[in-house]
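Peer 1: I'd like to ask some things about the structure below.
The values are calculated or read from the model by the stated rules, or taken from the named source; none is laboratory data. Model, not experiment: these values are computed from the prediction. FYI the Cβ positions are ideal-geometry reconstructions off the backbone, even for glycines, and counts take in every protein chain you see.
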Amino acid sequence: MNSSGPWTRAAAAAGLLVGGEARPTVFAQMSAKAAAHDALNLGQGYPDDAPPAVVAEAAVEAIRGGANQYPPGAGVAALREAVAAHQAAWYGLDWDPATEVLVTTGATEALAATILALVEPGDEVLTLEPFYDQYAAAIALAGGVHRTVPLTSHTSADGDLVLGVDREALRAAFSARTRLVLVNTPHNPTGLMLGADVLEAVVDEATRHDALIVTDEVYEHLTFDAPHRAPAALPGAQNRTISISSAGKTFAVTGWKIGWITARPELITAITGAKQWLTYASGAPFQPAIAAGLRMDPSVFHDLAADLRARRDLLTDGLREIGFRVSVPEAGYFTVADAAPLGEPDARALAERLPGEAGVVAIPLSAFYRDGDAGDAASHLRFAFCKSRPTIEQALERLESWAAPRR
Ligand SMILES: Cc1ncc(COP(=O)(O)O)c(C=O)c1O
């Protein structure tokens with residue numbers, strides 16, 4: 001059957017099909033390339049690390065103890081209470097676990113359900129650009145209009161790439177049609193953490209335009225210098241903010257797909273209206289395990305971030321020595337590196353060739369731009385450092401051999 005005919009027009013219109021096929025995500029495409037070339041995969045953001053033992057043991061115990069059938073749609077009480085306690089302890093935010101917390105199937109479902117529940121056709125949704133690629137698809141599914149604010153970039157005195165947000169450009173992007181502003185901090189793909197001044201501008205403009213703030217904070221605990229700033233904790237923000245996070249990155253369990261939302265009851269009710277028809281409920285045995293994880297001592301979270309920071313330094317220092325112009329991320333799993341100094345102006349073409357030529361996979365930054373048009377960032381690649389030290393070291397050796405003749 002032709003999969004791009006009239007029956008599938010809706011999916012095609014939302015940009016979900018390409019040439020009659022489901023458009024593969026760039027991560028799936030590049031992971032397939034890694035396997036085909038036996039290349040080291042610094043593309044997709046999943047860690048080599050094992051989860052903390054407390055978390056893994058709790059999941060095993062939950063399975064053995066019989067937590068294997070549908071849990072409550074809103075999430076098990078132990079996890080909703082742990083999410084509320086975590087938000088209070090880390091950010092000073094008070095939420096009622098019974099009415100203001102919703103457990104979801106990863107941040108992915110949280111974002112989709114939020115956008116589907118709150119965006120009407122024609123409403124504008126504002127994000128930074130580059131952006132996590134799901135945003136554009138979810139906005140399109142809801143019939144929303146995606147508006148973006150480009151990141152700024154310049155070269156520092158030491159030759160590094162420095163990325164930032166132009167607060168005035170962000171303010172100017174709001175309009176009378178803005179329904180949601182989606183704030184991803186720490187940011188994927190750049191590892192940028194939005195400063196207090198930028199977040200204050202978001203709250204100020206959202207209030208002026210009566211828009212809602214949706215956050216994506218999945219890297220909240222993977223910060224290397226300053227602690228994460230939860231947007232909902234800013235003065236005047238909590239009542240209009242839907243905060244989203246998940247367990248995958250914090251606890252190195254990206255395959256478990258447990259996420260959560262905190263927001264005022266009427267917003268949680270509306271989002272539950274969408275969530276219950278997407279998955280109804282989320283991974284029963286993983287929920288108590290993540291509850292145990294969220295209640296771990298803060299020192300455990302700090303140790304996980306410190307360990308990752310060392311691997312960030314290994315990768316960024318190595319890429320800089322090889323000849324890339326690198327950005328040093330403040331948080332997250334990824335660093336952005338500019339291949340232009342190595343004579344490579346087109347990162348998309350380079351990302352296609354690198355697995356075969358160097359045995360290393362990276363993601364072109366264009367994957368995080370509308371229509372793949374990265375503009376000034378066309379020569380930028382995203383490399384993941386959430387991999388083991390030997391993997392990063394070996395990838396750097398391979399890239400060094402590949403780059404040596406180009407310098
Ligand atoms: C910014 C961002 N948001 C959301 C997600 C998806 O999170 P989850 O795996 O919890 O669905 C990711 C995963 O890479 C991400 O980087």
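Peer 1: Please tell me if Ala137 is assigned to a helix (DSSP H, G or I), of a type in the set (A, V, I, L, M) and free of Cβ contacts under 8 Å to residues at least 12 places away in the same chain.
Peer 2: Against the criterion (assigned to a helix (DSSP H, G or I), of a type in the set (A, V, I, L, M) and free of Cβ contacts under 8 Å to residues at least 12 places away in the same chain), Ala137 does not qualify.
Peer 1: To continue, here is another question. Within the stretch 195-220, restricting attention to residues that are outside any strand (DSSP E or B) and within 13 Å of the ligand (Cβ to nearest atom), which residue is surrounded by the fewest Cβ atoms within 10 Å (Cβ to Cβ)?
Peer 2: Glu217
Peer 1: While we're looking at this one, here's another question. Specify which of the listed residues (Arg23, Arg9) is within 24 Å of the chain's Cα centre (by Cα), farther than 22 Å from Phe383 by Cβ and surrounded by 11 or more Cβ atoms within 10 Å (Cβ to Cβ).
Peer 2: Working: Arg9 fails: within 24 Å of the chain's Cα centre (by Cα).
Among Arg23, Arg9, only Arg23 is within 24 Å of the chain's Cα centre (by Cα), farther than 22 Å from Phe383 by Cβ and surrounded by 11 or more Cβ atoms within 10 Å (Cβ to Cβ).
Residue-by-condition table, conditions (1) touching a His at 6+ places or on another chain (Cβ under 8 Å); (2) among the hydroxyl-bearing types (Ser, Thr, Tyr); (3) over 30 Å from Arg208 (Cβ atoms):
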site: Asp225; (1), (2), (3): no, no, yes
site: Ala230; (1), (2), (3): no, no, no
site: Ser246; (1), (2), (3): no, yes, yes
site: Glu266; (1), (2), (3): no, no, no
site: Gly273; (1), (2), (3): no, no, no
site: Trp277; (1), (2), (3): no, no, yes
site: Arg309; (1), (2), (3): no, no, yes
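Peer 1: Shifting gears a bit: Of everything in the stretch 221-237, what is within 15 Å of the ligand (Cβ to nearest atom), over 12 Å from Val183 (Cβ atoms) and in contact with a Leu (Cβ under 8 Å, 6 or more places away or on another chain)? Give them in sequence order.
Peer 2: Once the filter is applied, which keeps residues that are within 15 Å of the ligand (Cβ to nearest atom), over 12 Å from Val183 (Cβ atoms) and in contact with a Leu (Cβ under 8 Å, 6 or more places away or on another chain), the stretch 221-237 yields His221, Leu222.
Peer 1: With farther than 18 Å from Arg407 by Cα, of a type in the set (Gly, Ala, Ser) and at pLDDT 95 or above as the only criterion, which of Gly372, Gly343, Gly323, Gly332 stands out?
Peer 2: Result: Gly332 is the single residue among Gly372, Gly343, Gly323, Gly332 that is farther than 18 Å from Arg407 by Cα, of a type in the set (Gly, Ala, Ser) and at pLDDT 95 or above.
Peer 1: Give the residue, chosen from Trp90, Trp7, Trp95, that is away from the ligand (no atom under 16 Å from the Cβ) and in contact with a Ser or Thr (Cβ under 6 Å, 6 or more places away or on another chain).
Peer 2: Trp95
Per-residue answers, yes or no, for (1) in contact with an Asp or Glu (Cβ under 8 Å, 6 or more places away or on another chain); (2) modelled with pLDDT under 95; (3) over 25 Å from Thr8 (Cα atoms):
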| residue | (1), (2), (3) |
| --- | --- |
| Gly122 | no, no, no |
| Glu129 | no, no, yes |
| Gly144 | yes, no, no |
| Arg179 | yes, no, yes |
| Leu182 | yes, no, yes |
| Leu199 | no, no, yes |
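Peer 1: Could I ask something else about it? Select the helices (runs of 4 or more DSSP H) contained entirely in the stretch 291-407, then report the ones holding at least 3 residues which are of a type in the set (Asp, Glu).
Peer 2: Helices (runs of 4 or more DSSP H) meeting the threshold: 298-322, 389-403.
Peer 1: Given Ala270, Ala281, Ala274, which one is within 16 Å of the ligand (Cβ to nearest atom), over 22 Å from Asn188 (Cβ atoms) and assigned to a helix (DSSP H, G or I)?
Peer 2: Ala274
Peer 1: Does the stretch 104-113 contain any residue that is touching a Gly at 6+ places or on another chain (Cβ under 8 Å), surrounded by fewer than 21 Cβ atoms within 10 Å (Cβ to Cβ) and assigned to a helix (DSSP H, G or I)?
Peer 2: Among the residues of the stretch 104-113, at least one is touching a Gly at 6+ places or on another chain (Cβ under 8 Å), surrounded by fewer than 21 Cβ atoms within 10 Å (Cβ to Cβ) and assigned to a helix (DSSP H, G or I), which makes the answer yes.
Peer 1: State whether the residues of the stretch 56-72 include one that is assigned by TED's automatic domain parsing to the domain that holds Thr152 and closer than 22 Å to Pro186 by Cβ.
Peer 2: no
Peer 1: Can I ask one more? If Ser366 satisfies every condition in (1) buried (at least 19 other Cβ atoms within 10 Å of the Cβ); (2) in contact (Cβ under 8 Å) with a residue 40 or more places away in the chain; (3) not assigned by TED's automatic domain parsing to the domain that holds Leu79 but one, which is the exception?
Peer 2: Here Ser366 clears every test but (2).
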